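J.: Following this message is one structure expressed as structure tokens.
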Ligand code: URA
């Protein structure tokens, strides 16, 4: 306690209990519980302000309000029953209270005491999100954990000149909750013996390589920190920034804009984003495409159009929105005059990175189908109905999303060019998207098309399963059957090579 006297003496004298840390609050709360002092009899405050430590700050997690907009009076609490003896609080609740104590809400100490008091009264649902206080407690814990996570992720250390002496690295951050102590522990374990300082508006911590020193506010803003490391950091950031992989929506989800002001790279990111949009993306993609193996289909000069809607190179395609989220466009690969063309759906995660169709798990299965059917995959032209990877983020993974009909249609432009150049006798449509694309209609179903080849716009169309569908089948038996269907379809495609359109397939 920062003021003179024990918690109960102060409370009896009608004085506020001034606490600054969780340890102080815990000591006071324990004494009050032992003496059965209900929450409405206690006034809590901070030694700095006389009120709560952060009473000036807006509450990040609102206290519950009644219909008149006021917090419920303490007298709303059920009448208490005396609970003599030392309180026994479970570890899980204590951990939640300790986390919630870092949340900057004006009434945090009073609220925590109300929670612990209710628990001691036998109201154990006070810990549950279904309870009004429990919901607020859980929200406070969540807000604090989020802030810890953000501080780990967004803090940027700048190196100081060696002759300036320790600390070697300094960082400025404006946390929204009081998470500096736990964040300091994180960096002690990460940075070993090197010395550093983290400054915030409220306090600073200095690690000298062996001991952590807590100090008050030392600097007022990030400009006060020495900036020698900044140029180095910006150079590094520019060099790792890959415009071809820029996904602005995901980036903003990961680093909300209010964080940018204290990130050194925040100053250059808007510029780099606009550069990327203007053309740096193309440069990144040309490199990747240039390294690709296989045939590139040349586009005749008369086909090259200046307008965006008629891109002369696949990599410049903006005919739908998918280009924005993909690393690069993935064109087809294979012999220029292949007799069979495989058409898949769209590049997957691995294909998007490699710039080649069917090189991931689905491609491996396709290889096995070819082997089993006795067909050399290298004689087949392999492509996709849609040339850009469509995906959605799931944690750190990019999950495939089925392309929309309008995206399939936008990509006909490229498939037509491939068909014009390769002129395959047989197209093997792998799955429903490919089928819709090659038949130019959404009114077709895989079920009706498998095993029933049709002659359409100058090509035989053989429909079969998509290899990813086979890979996802739940049972080994179903997988075996579907695999065999794919093998049979490829054999059928081979048979059709010598057949005239009017000759019905065997
Ligand atoms: N799935 C497809 O449809 N195409 C690929 O290239 C890879 C996976």
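The values are calculated or read from the model by the stated rules, or taken from the named source; none is laboratory data. The shown structure was predicted, so the numbers you read here are calculated from the model rather than taken from an experiment. We place every Cβ from the backbone using ideal geometry, glycine too, and count neighbours over all the protein chains shown.
J.: Which one of the conditions (1) over 22 Å from residue 367 (Cα atoms); (2) not in a strand (DSSP E or B) does residue 469 fail to meet, given that it meets all the rest?
T.: Residue 469 satisfies all of (1) over 22 Å from residue 367 (Cα atoms); (2) not in a strand (DSSP E or B) except (1).
J.: Now for a separate question. Here are some residues: 472, 480. Which one is out of contact with any helix residue (DSSP H, G or I) (no Cβ under 8 Å at 6 or more places or on another chain) and away from the ligand (no atom under 16 Å from the Cβ)? Don't jump to the end; show me each part of the working.
T.: Numbers: 472 fails: away from the ligand (no atom under 16 Å from the Cβ).
Checking each option against the conditions leaves just 480.
J.: For segment 159-178, which positions are over 21 Å from residue 192 (Cα atoms) and either surrounded by fewer than 19 Cβ atoms within 10 Å (Cβ to Cβ) or at pLDDT below 85 (or both)?
T.: Restricting attention to segment 159-178, the residues satisfying the condition of being over 21 Å from residue 192 (Cα atoms) are 174-178.
Correct list: 174, 176.
J.: OK, next. Scanning for something farther than 22 Å from residue 381 by Cα, in the same structural domain as residue 383 (by TED's automatic domain parsing) and free of Cβ contacts under 8 Å to residues at least 24 places away in the same chain, does segment 429-443 turn up at least one residue? So that I can check it myself, show each step before the final result.
T.: Pass one, segment 429-443, residues farther than 22 Å from residue 381 by Cα: 441-443.
Subsequent filtering for residues that are in the same structural domain as residue 383 (by TED's automatic domain parsing) retains 441-443.
If we keep only those that are free of Cβ contacts under 8 Å to residues at least 24 places away in the same chain too, we end up with 441, 443.
Scanning segment 429-443, I find at least one residue that is farther than 22 Å from residue 381 by Cα, in the same structural domain as residue 383 (by TED's automatic domain parsing) and free of Cβ contacts under 8 Å to residues at least 24 places away in the same chain, so the answer is yes.
J.: Please state which one of 294, 331 is within 16 Å of the ligand (Cβ to nearest atom) and modelled with pLDDT of 85 or more. Show your work before the answer.
T.: Details: 294 fails: modelled with pLDDT of 85 or more.
None of the others qualify; the one that does is 331.
J.: Taking segment 166-210 as the region of interest, how many residues are touching a residue at least 60 places away in the same chain (Cβ under 8 Å) and part of a loop (DSSP other than H, G, I, E, B)?
T.: 6
J.: Can you tell me how many residues in segment 340-372 are more than 24 Å from the chain's Cα centre (by Cα), buried (at least 17 other Cβ atoms within 10 Å of the Cβ) and more than 10 Å from the ligand (Cβ to nearest atom)?
T.: Of all residues in segment 340-372, those more than 24 Å from the chain's Cα centre (by Cα) come to 340-345, 356-359, 362-372.
Then keep just the ones that are buried (at least 17 other Cβ atoms within 10 Å of the Cβ); that gives 340-345, 356-359, 362-363, 365-366, 369-370.
After this cut, where a residue has to be more than 10 Å from the ligand (Cβ to nearest atom) as well, the list is 340-341, 369-370.
Here the count works out to 4.
J.: Right, here's the next one. Is it the case, given these coordinates, that residue 402 is at pLDDT 95 or above, surrounded by fewer than 18 Cβ atoms within 10 Å (Cβ to Cβ) and within 16 Å of the ligand (Cβ to nearest atom)?
T.: Numbers: at pLDDT 95 or above: yes; surrounded by fewer than 18 Cβ atoms within 10 Å (Cβ to Cβ): yes; within 16 Å of the ligand (Cβ to nearest atom): yes.
It is true that residue 402 is at pLDDT 95 or above, surrounded by fewer than 18 Cβ atoms within 10 Å (Cβ to Cβ) and within 16 Å of the ligand (Cβ to nearest atom).
J.: Considering (1) free of Cβ contacts under 8 Å to residues at least 12 places away in the same chain; (2) not assigned by TED's automatic domain parsing to the domain that holds residue 428, say which one residue 316 fails and leave the rest.
T.: The one condition residue 316 does not meet is (1).
J.: Is it true that residue 365 is farther than 23 Å from residue 420 by Cβ and in contact (Cβ under 8 Å) with a residue 60 or more places away in the chain? Before you say what the answer is, go through the steps one by one.
T.: Working: farther than 23 Å from residue 420 by Cβ: yes; in contact (Cβ under 8 Å) with a residue 60 or more places away in the chain: yes.
Criteria met by residue 365.
J.: In addition: I'd like the full set of residues that are within 18 Å of residue 457 (Cα to Cα) and in a helix (DSSP H, G or I), limited to segment 409-429.
T.: Kept after step one, since they are within 18 Å of residue 457 (Cα to Cα), are these residues of segment 409-429: 409, 411-429.
Those that are within 18 Å of residue 457 (Cα to Cα) and in a helix (DSSP H, G or I): 409, 412, 413, 414, 415, 416, 417, 418, 419, 420, 421, 422.
J.: Which condition number does residue 383 fail, the rest of (1) touching a residue at least 24 places away in the same chain (Cβ under 8 Å); (2) in a loop (DSSP other than H, G, I, E, B) being met?
T.: (2)
J.: Which residues, counting only those in segment 431-461, are within 16 Å of the ligand (Cβ to nearest atom) and outside any helix (DSSP H, G or I)?
T.: Taking segment 431-461 as the starting set, the residues that turn out to be within 16 Å of the ligand (Cβ to nearest atom) are 431-438, 446.
Of everything in segment 431-461, just one residue is within 16 Å of the ligand (Cβ to nearest atom) and outside any helix (DSSP H, G or I), namely 431.
J.: Of the residues 408, 427, which is at pLDDT 95 or above and out of contact with any strand residue (DSSP E or B) (no Cβ under 9 Å at 6 or more places or on another chain)? Give the steps one after another, and end with the answer.
T.: Numbers: 427 fails: out of contact with any strand residue (DSSP E or B) (no Cβ under 9 Å at 6 or more places or on another chain).
Of 408, 427, the one residue that is at pLDDT 95 or above and out of contact with any strand residue (DSSP E or B) (no Cβ under 9 Å at 6 or more places or on another chain) is 408.
Yes or no, residue by residue, for (1) surrounded by fewer than 20 Cβ atoms within 10 Å (Cβ to Cβ); (2) modelled with pLDDT of 95 or more:
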residue: 380; (1), (2): no, yes
residue: 393; (1), (2): yes, no
residue: 415; (1), (2): no, yes
residue: 444; (1), (2): yes, yes
residue: 474; (1), (2): yes, no
